[in-house]
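Here's the structure, in structure tokens; my notes come after.
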Amino acid sequence: MKPLVCILRTDGTNCDLETYAAFAKAGAKCEMVHVNQLRSGAQKLSDYQILAIPGGFSYGDDIHSGKILSVELTSFLKEQLNSFVSAGKPVIGICNGFQVLVRTGLLPRGELGVISATLMHNDSGHFECRWVDLLVEKTNCLFTRGLEERVLQYQVAHGEGKFYTSQETLAAIENNSQVVFRYADPATVQPTMAYPLNPNGSLQAIAGVCDNTGLVLGLMPHPERFMEPYHHPNWRRTGFTEPHGLPLFRNAVEYAAKSL
């Protein structure tokens, strides 16, 4: 059997089709689910094995990026979401989805309704859209198993991607090995704060984090945009044996399939 993925969408979501295609290529069965379907009870989160919150501009990013959708989740779907995570089911939030997970409190501390970090406006003061290099750290993150210490290339496309938190929380996620991705300098294979290699000024070059279990991942770059070799602008020259986005989705699908 194929695990069933809930591709959560709402007004302003615009990367749902790419996320659907990515999980489908990785071997999953996917369904587009509008948040109102979960609120009305027409669909239940418990029927799915994986939850994906795609990128875009949910509700036009009014107030703050991802804020309104995160309020919906914590106000109307808190019990469903908490049960889903407690059951050990994978969750991924990409770009706007990362912003949503942070503002629900699921990341980085796994406390629904308690916000301990944020994604701020880029230091550049404008929208950033380019390919970046990402160093994959050693963590217990399900999605990056087998990718540790590699440098991956994904595209970023955001105006509010600067990861920011208190020094206390920053120290905690560093000590707990929750930083999954860092913006890197390909020449040195080291994290960097230098613009434009670090497109937003994120603290300690953080591009993605997971929770303590390693089953909830949020990242600003878009792995779903690199699922075929020709998605990369230099694909003819680089000779990729495998598009860098595929392993993330495959890891989640293979993990979820074991519980069926």
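The three principal axes of the Cα atoms in the chain give end-to-end lengths of 51, 39, 33 Å, sorted in falling order. Electrostatic tally near residue 73: other residues with Cβ closer than 14 Å to its Cβ, Lys and Arg +1, Asp and Glu -1, net +2.
Taken per residue, the accessible surface of the chain reaches 42 Å², heavy atoms only and a 1.4 Å probe. Amide H to amide H, with H built 1.01 Å from N, residue 128 comes under 5 Å of 158, 159, counting only residues 5 or more places away or on other chains. A DSSP coil position with no more than 10 other Cβ atoms inside 10 Å describes the following trypsin sites (Lys or Arg not before Pro) in region 214-260: 258. Neighbours of residue 99, meaning other residues whose beta-carbon lies under 9 angstrom from its beta-carbon, give a summed charge of 0 when Lys and Arg score +1 and Asp and Glu score -1. Taking a point 7 angstrom from the Cα of residue 83 along the C-beta vector, which residues in region 1-45 have backbone N less than 20 Å away? It comes to 4-9, 31, 33-45, nothing else. Surface composition of the chain: carbon plus sulfur atoms hold 50% of the accessible area, using a 1.4 angstrom probe and ignoring ligands, DNA and RNA.
A 1.4 Å probe over all protein chains sorts 32, 227, 193, 1 by accessible area into 1, 193, 32, 227, starting with the largest. Computed 3J(HN,Hα) for region 151-158, one whole-Hz value per residue from the Karplus formula 6.51 cos²θ - 1.76 cosθ + 1.60 where θ = phi - 60°, is 10, 9, 10, 10, 9, 9, 7, 7, glycine and proline marked x. Length available on full extension from residue 188 to residue 39: 0.36 nm per residue minus the Cα-Cα distance, which gives 48.8 nm.
Shown for region 4-259: lysine pairs separated by 8 or more places, or found on different chains, whose C-alpha atoms are under 17 Å apart, numbering 9. In order along region 219-236, the Karplus-derived 3J(HN,Hα) couplings, from 6.51 cos²θ - 1.76 cosθ + 1.60 at θ = phi - 60°, round to 8, 7, x, 10, x, 5, 8, 9, 10, 10, x, 6, 5, 7, x, 10, 5, 5 Hz, and Gly and Pro are given as x. Amide H to amide H distances under 5 Å link residue 163 with 120, 202, 203, where only residues 5 or more positions off or on other chains count and H is placed in the peptide plane. Loop-located GluC sites (Glu not before Pro) across region 149-243 with a Cβ neighbour count of 15 or fewer within 10 Å are 149, with loop assigned by DSSP.
Close amide H pairs (under 5 Å, H built 1.01 Å from N) link residue 34 with 9, residues at least 5 positions away or on another chain. Modelled spin labels at residue 63 and residue 149, positioned 7 Å past Cα toward Cβ, are 4.4 nm from each other.
The values are calculated or read from the model by the stated rules, or taken from the named source; none is laboratory data. From a predicted model like this one, the values you see are computed outputs, not experimental measurements. Please note: Cβ atoms are built from the backbone with ideal geometry, for glycine as well, and neighbour counts cover all protein chains shown. The area values use the complete protein model at the heavy-atom level, side chains included, leaving out ligands, DNA and RNA. Shrake-Rupley method; radii C 1.70, N 1.55, O 1.52, S 1.80 Å.
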